[in-house]
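Enquirer: Got a structure for you, written out below as structure tokens; questions coming shortly.
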Amino acid sequence: MSEKRKQEIQRIKELESINLAREDIRDFVIETKKEVEKDNDLLAEQINVELNKKGIKSIDIVGAIGSGKTALLEKIAEKLSKKYRILVICGDITTRVDADRIEKHNVETIQINTGRECALNAYHIYQVIKNKDLNDYDLIFVENVGNLICPSDFRLGTDKRITVVSITEGEWVIEKHPMLFKMSEVAVINKIDLLERLGTDIEKMIKDAKNFNPNINVILTSAKEGKNIDKLIEALEL
């Protein structure tokens, strides 16, 4: 291995937050993190089994702050609230702004405020569904905390995951955040009504999503104008 490569690897190690732990407890910290992830995955699997037994479809929506997740959910709720009994679980650091917006479209919402936690985890979702009569719902959406990094650490037990980005984030956003696209069934590129003004290379964004996940379904939308919401609903098999 070249000296340059050794230096690069050492730099990566230095950047890992796990190395902030004292050397004498570092192994314990690493093992604890692995156990947390394992427990989360087991609980997520339990959630999915329980929802499927009740015939409930479930979808997790992730994306950066301002990508348009809530606006898309508002449009979806407008179209589906007469067909499905919908519950939307909204994750955010604080406030229930998003839940209030979505609730206006004849769906039930629950707001989870995570405080300093940057993503929802399976325990959050489990606490909701164990206190609800699942016979009252046909469809559950989970709007995760606005973030393109942390949600990749925690599966939530849903059937499908949507990752939302917008052209305002630039054509590099997917290339810079590959993990969530690898873990998603649908990628939404939102705010295409601004394409002419911004000149974002949308073809690169589509290509990047497909490179990371050849099976991903890429939908171009404008939540503001309601464009291609029907295509998104079709991609979600709703």
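The values are calculated or read from the model by the stated rules, or taken from the named source; none is laboratory data. These numbers come from a predicted model, not from an experiment. All Cβ positions, even for glycine, are placed from backbone atoms using ideal geometry, and neighbour counts span all protein chains on display.
Enquirer: Go through the residues of the range 209-231 one by one and say whether even a single one is hydrophobic (A, V, I, L, M, F, W, C), closer than 25 Å to Leu139 by Cβ and touching a residue at least 40 places away in the same chain (Cβ under 8 Å).
Expert: yes
Enquirer: Can you report the number of residues in the range 109-133 which are among the polar types (S, T, N, Q) and either assigned to a loop (DSSP other than H, G, I, E, B) or within 14 Å of the chain's Cα centre (by Cα) (or both)?
Expert: Total satisfying the criteria: 3.
Enquirer: On to the next question. With respect to the numbered conditions (1) surrounded by fewer than 21 Cβ atoms within 10 Å (Cβ to Cβ); (2) at negative phi; (3) more than 13 Å from the chain's Cα centre (by Cα); (4) not in a strand (DSSP E or B), which one is the sole condition not fulfilled by Asn106?
Expert: Unmet condition: (2).
Enquirer: Counting just the residues of the range 149-187 that are crowded, with 24+ Cβ neighbours inside 10 Å and among the small types (Gly, Ala, Ser), which one comes out farthest from the chain's Cα centre (by Cα)?
Expert: Ser166
Enquirer: Can you tell me how many residues within the range 188-197 are in a helix (DSSP H, G or I) and either at pLDDT 95 or above or crowded, with 16+ Cβ neighbours inside 10 Å (or both)?
Expert: 3
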